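Reviewing the structure listed below.
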Amino acid sequence: MEPITPAAEAKKVMLSGIQPSGNLHLGNYLGAVKNWAELADQFDCYYFMADLHSITVRQDPKALRARTLELLALYIACGLDPEKNTLFIQSHVHEHAELAWVLNCYTMFGELSRMTQFKDKSAKNSDNINAGLFAYPALMAADILLYQPDFVPVGQDQKQHCELTRDIAIRFNNLYGSTFKVPEPYIPKVGARVMSLSTPTSKMSKSDPNGCVFLMDTPEDISRKFKRAVTDSDTENCVRYAPAEKPGVANLMSIYSSVTGKTFEEIEKEFDGMGYGKFKPAVGDAVVETLRPIREEAQRILADKAYLQQVYTDGAQRATYVARKTLRKVYKKVGFIEKPF
Ligand code: TYM
């Protein structure tokens, strides 16, 4: 997608979220958070920890609380300044759940049945295919539409949910007149789909810890995972960008490009004649150095619980102000009597 040039007069709005259902990994960072931090100065930004979404899959309550705070610390450590960005916990702004209910009534069974994430997650959690998992995209639409954003920066796998959000917004606007801004997904050119280091044909995800690099991993763990990364069974042993033929190498090249800013051509030149044996540890080193300051800063922030509480309290207050305005408008449009107190 083309770089976004925000209008000089009014700041455009950006919003996104991550589920605290696992630890933040390199896919989340390169596909989402890295972009958020780069765009923070030019936009009015809302970023949240999607804890309501997390419980669509069983969570250990204590671990969920710990991961929600860790995610907030990582947001800040990745460069999201709480003064410039509204950072909040989804469940603190009850308008999300309320608008989700309304939007459930404007989202079709057939649309939800087609969602890839629902199909994947119900296959993985066949003993717990709950209604929340099915209706998840209506909650995501509510998360987004409450803040009237222009852009939703996400990785490739969330594009389908963003498109459904647009369809729901258009449907509602057609029925009741202009209510929601229809947002655009904003997907990075490189890093939108980071693949597993052990199975480069599947996306990097927390459910495959060997192929997944977590932001809080030690440098030793990160280096080990990259040294063991599966490359391709071709005899060429040459660093060349050919995703269909060489998905493992293409994935490592994308990661390297994303963390160093080098183009694929520059990378091919840099490793010309060197083979995978030199390339894999070099990618590992570049990732270690990118993540080192983030991990150290997150650990420092995480130790200061009072500061984190102040950030999420302030964030929830700012988010509530905006969310309430949209919800009030929606309730009026659908015919609810205004609450007198
Ligand atoms: P989640 O929590 O699965 O992932 C958070 C973000 O990380 C991106 N991502 C990846 N990007 C590149 N490569 C990967 N391997 C990779 N894995 C994950 C995701 O695309 C996402 O941007 N439904 C959302 C959370 C959500 C949300 C929202 C997002 C809830 N409400 C409103 C935007 C707006 C989700 O499950 O993302």
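Every number in this text was worked out from the coordinates using simple rules, so none of it is lab data. Bear in mind the structure is a predicted one, so any value in this text is a computation, not a measurement. Please note: Cβ atoms are built from the backbone with ideal geometry, for glycine as well, and neighbour counts cover all protein chains shown.
Odds and ends about this structure:
- Placing +1 on the Cβ of every Lys and Arg and -1 on the Cβ of every Asp and Glu, with no other charges, gives the chain a dipole of roughly 940 debye about its Cα centre.
- Once both labels are positioned 7 Å from their Cα atoms along Cα-to-Cβ, the gap between D208 and A97 label points is 3.5 nm.
- For the stretch 201-341, the C-alpha radius of gyration sits at 1.60 times the compact-globule guess of 2.2 N^0.38 Å, with N the residue count.
- Dipole magnitude of the stretch 240-341 about its Cα centre (Cβ charges: Lys, Arg +1; Asp, Glu -1), debye to nearest 20: 1040 debye
- Of K34/K203; K12/K34; K181/K333; K84/K332; K124/K189; K34/K227, pairs whose Cα-Cα distance is over 21 Å: K84/K332; K124/K189; K34/K227
- Along each principal axis, taking the top coordinate minus the bottom one, the Cα set of the stretch 94-226 gives 56, 35, 28 Å in descending order.
- Share, in percent, of DSSP beta bridges within the chain that are antiparallel, nearest 5: 10 percent
- For the chain, the relative contact order comes to 22 percent (Cα pairs under 8 Å, sequence separation of at least 6).
- Take the Cα of D221, step 7 Å toward its Cβ, do the same at I55, and the gap between the two points is 2.8 nm.
- Gain in span if fully extended, A303 to F264, counting 0.36 nm per residue against the direct Cα distance: 10.1 nm
- Relative packing of peptides 31-37, 180-186 - highest average C-beta neighbours within 10 Å first: 31-37, 180-186
- Residues E338 and K189, FRET efficiency given R0 of 45 Å [Cβ-Cβ distance, rounded to 0.05]: 0.45
- Listed peptides 97-109, 49-61 by packing density, highest first (mean Cβ within 10 Å): 49-61, 97-109
- Computed from the C-beta positions of K119 and Q156, the FRET efficiency with R₀ = 22 Å rounds to 0.85.
- Quotient of the Cα radius of gyration of the stretch 55-151 and 2.2 N^0.38 Å, N being its number of residues: 1.23.
- Dipole magnitude for the stretch 25-129: about 500 debye, using +1 per Lys or Arg Cβ and -1 per Asp or Glu Cβ, origin at the Cα centre.
- Considering only L30, V57, L15, the residue lying farthest towards the positive end of the dipole of the chain is V57, judged by Cα position with unit charges set on Cβ.
- Cα lying deepest toward the dipole's positive end in the chain, options Y75, L87, N104, charges on Cβ: N104
- Convex hull of the chain built on C-alpha atoms - directionally averaged projected area, nm²: 19.0 nm²
- For D150, the amide hydrogen comes within under 5 Å of the amide hydrogens of V13, M14, counting only partners 5 or more places away or on other chains and with H modelled in the peptide plane.
- Each Cα pair under 8 Å and six or more residues apart adds its sequence gap; the mean of these over the residue count of the stretch 1-101 is a relative contact order of 35 percent.
- Only DSSP H runs of four or more residues enter the estimate; each adds -39500 (n - 2.57), and after division by the residues of the chain the mean residue ellipticity at 222 nm equals -16000 deg cm²/dmol.
- Extension reserve of the K278-V182 stretch, reckoned as 0.36 nm per residue once the Cα distance is removed: 29.9 nm
- What the Cβ-Cβ distance of Q317 and D127 gives, at R0 = 35 Å and to the nearest 0.05, is a FRET efficiency of 0.35.
- Most to least packed among 82-94, 261-273 [average Cβ atoms within 10 Å]: 82-94, 261-273
- Fluctuation leader among Y312, Y276, Y147 - the chain, Gaussian network, Cα springs under 10 angstrom: Y276
- Helix screen, the chain: DSSP H segments with Cα axial length of 18 Å or more and mean Kyte-Doolittle hydropathy at least 0.5 are 61-77, 131-145, 247-260.
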